[in-house]
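The values are calculated or read from the model by the stated rules, or taken from the named source; none is laboratory data. Just so we're clear, the structure is a prediction, and the values are computed from it rather than from any experiment. Quick reminder, even Gly has a Cβ in these numbers, built from the backbone with ideal geometry, and neighbours come from all protein chains shown.
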Amino acid sequence: MPEQINHVLCPVNLRHAVQSSRAYDMALHEARGFGAALTVVTVAPEMERNLNIYDSRRYWGEKLAEFVAANPPGAVPLTQAVLIGAAHRQIVRYAEENGIDLIVMEAANPRIRDYLLGTTASHVVTHSACAVFVVR
């Protein structure tokens with residue numbers, strides 16, 4: 001773990017917001033403890049399964065804003081972003097491009113509890129250059 005954490009990234013799967021709130025709560029805790037900034041992201045697919053979603057970035061941006069409003073960060077400086085593409089790749093890319101020191105994320109999709117780590121978390125742990133805190 002780096003000596004100083006300045007920027008924490010918390011990817012949130014809004015389709016499983018209840019589970020993601022555990023990682024978000026831990027990310028807030030870590031950001032407060034280190035006096036770090038927090039960025040909360042969600043990743044939208046390149047092609048939406050729901051054909052009623054015409055503008056993914058706008059739609060998921062509004063959902064992410066609702067999530068943050070329902071879970072206020074208090075005094076922690078917070079930014080939000082919607083990424084487009086494969087979640088596992090976009091999280092690692094965003095962390096590298098934005099100087100992230102710590103990623104705090106959920107272990108797995110709640111439907112695959114039999115696995116130790118989900119494929120997204122496993123990829124991020126394996127490919128990320130920064131520390132990764134996986135919340136079960």
Pairs, first at pLDDT below 55 in segment 98-115, second not acidic (Asp, Glu), C-beta under 8 Å, six or more apart: PRO110/HIS16; PRO110/GLN19; ILE112/GLY118; TYR115/ALA108
Number of the exception - THR42 against (1) in contact (Cβ under 8 Å) with a residue 40 or more places away in the chain; (2) outside any loop (DSSP other than H, G, I, E, B); (3) out of contact with any Lys or Arg (no Cβ under 8 Å at 6 or more places or on another chain): (3)
